[in-house]
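Undergrad: Here it is, the structure in full.
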Amino acid sequence: MTTATLPRATIADAIAELERLFKKERNRAKASDMTKYMRGRFEFFGISAGKRNEIYAKKWWPKVSAVLRSCCKSGRDDELSLNLLALIQQLFNSGACQRREFQHVGIEIVKRHRKLWRFAHMEVFRELITTRSWWDTVDFLASHGIGGILENEVDDLAEGRSDLVLKKLKQWIGSDMNVWVQRSVILSQRFLKSNMSMVQLAFFINKALANAKKSSHSTKSLNKKDAVFFIDKSIGWALRQAAYQNETW
């Protein structure tokens, strides 16, 4: 079984360098505004999305990517994907990554490597979805992580693995009461496109709505009204994609 081969010290060095680059561009006034916009949930360096992506693409990622690949002993994509996920997990979980820009870099890595994600990575993505959760990271993880898995595994129908992905999503929506997980299941269905099952989508929608309305949902940072709102929004986006595939639905 392939495992991550990226040393912890290498990850720590990469995060330290990213922090150094972010601190050079810190804007305290913008940081305060960003925190207010996110209802006070996260602290920021105050870096705009454009500047953050420039730091990522031009100053940080080229060096980090080279180190990541050098740590892949087999040179295989499955090893590279696990090394990438090890880095992303630390950008979400590390105590050194309290400011939100670190998680935004994590989801950028997910987006840029979506062709690598497979069924074996699903539980890692669920962990990320439920870590420092809010719509700004959850929607990217649902779209480029879980959505990427669905796209990639649908391409491998001959191996029968796409059924495993859908079974896992049914398990999540039936047993995990976290609203962000429920939202992610619905949002991910958009990426099945012509393979989207209207019966399956209806099942996910009905389950998620029923769960969001329960006072016992496990997303402690959300009240019932917010929970229903975030599920409703995901349903709207999924139905819009469904209409492209089936105008009579």
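Undergrad: Filter the stretch 186-215 down to residues that are of a type in the set (V, I, T) and free of Cβ contacts under 8 Å to residues at least 40 places away in the same chain, then give me how many there are.
TA: 2
Undergrad: Take the residues in the stretch 34-72 that are touching a residue at least 12 places away in the same chain (Cβ under 8 Å) and among the charged types (D, E, K, R), then tell me which one is surrounded by the most Cβ atoms within 10 Å (Cβ to Cβ).
TA: Ranking the candidates gives R52 first.
Undergrad: Also, quick follow-up: Out of the residues in the stretch 224-239 that are open to solvent by 60 Å² or more (accessible area, probe 1.4 Å) and at pLDDT 90 or above, which is farthest from F191 (Cα to Cα)?
TA: The extreme case among them is F229.
The rows are residues; the columns are (1) farther than 27 Å from D77 by Cβ; (2) at pLDDT 95 or above; (3) of a type outside the set (V, I, T).
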site: T5; (1), (2), (3): no, no, no
site: A12; (1), (2), (3): no, yes, yes
site: E25; (1), (2), (3): yes, yes, yes
site: D33; (1), (2), (3): yes, yes, yes
site: A57; (1), (2), (3): no, yes, yes
site: W60; (1), (2), (3): no, yes, yes
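Undergrad: Where residues in the stretch 18-33 are aliphatic (A, V, I, L, M) and open to solvent by less than 60 Å² (accessible area, probe 1.4 Å), which of them is nearest to Q90 (Cα to Cα)?
TA: Going through the qualifying residues, I end up with L18.
Undergrad: Could you please find all residues in the stretch 93-112 being surrounded by fewer than 19 Cβ atoms within 10 Å (Cβ to Cβ) and without any contact (Cβ under 8 Å) to a residue 60 or more places away in the chain?
TA: Correct list: N93, G95, Q98, K111, R112.
Undergrad: How many residues does the stretch 204-223 contain that are open to solvent by 40 Å² or more (accessible area, probe 1.4 Å) and either at pLDDT below 85 or not in a helix (DSSP H, G or I) (or both)?
TA: Here the count works out to 8.
Undergrad: Check whether at least one residue in the stretch 128-143 is among the hydroxyl-bearing types (S, T, Y), closer than 29 Å to K30 by Cα and assigned to a helix (DSSP H, G or I), and report yes or no.
TA: The answer is yes, given that some residue of the stretch 128-143 is among the hydroxyl-bearing types (S, T, Y), closer than 29 Å to K30 by Cα and assigned to a helix (DSSP H, G or I).
Undergrad: Right, next: Can you tell me which residues in the stretch 90-136 are among the hydroxyl-bearing types (S, T, Y) and closer than 23 Å to R8 by Cβ?
TA: Within the stretch 90-136, S94, T130, T131 qualify.
Undergrad: Based on what the data block shows, is L116 open to solvent by less than 40 Å² (accessible area, probe 1.4 Å), within 21 Å of F204 (Cα to Cα) and under 15 Å from the mean Cα position of the chain (by Cα)?
TA: The answer is no for L116.
Undergrad: Let me spell it out: the conditions are (1) modelled with pLDDT of 95 or more; (2) in contact with a Leu (Cβ under 7 Å, 6 or more places away or on another chain); (3) of a type in the set (A, V, I, L, M), and L150 meets all of them except one. Which number is the exception?
TA: With respect to (1) modelled with pLDDT of 95 or more; (2) in contact with a Leu (Cβ under 7 Å, 6 or more places away or on another chain); (3) of a type in the set (A, V, I, L, M), L150 is out only on (1).
The values are calculated or read from the model by the stated rules, or taken from the named source; none is laboratory data. Source: prediction; values computed, not measured. Cβ coordinates were reconstructed from backbone atoms using ideal geometry, including for glycine residues, and neighbour counts include every protein chain displayed. We work out accessible area using only protein heavy atoms, side chains counted, and drop any ligands, DNA or RNA first. Shrake-Rupley method; radii C 1.70, N 1.55, O 1.52, S 1.80 Å.
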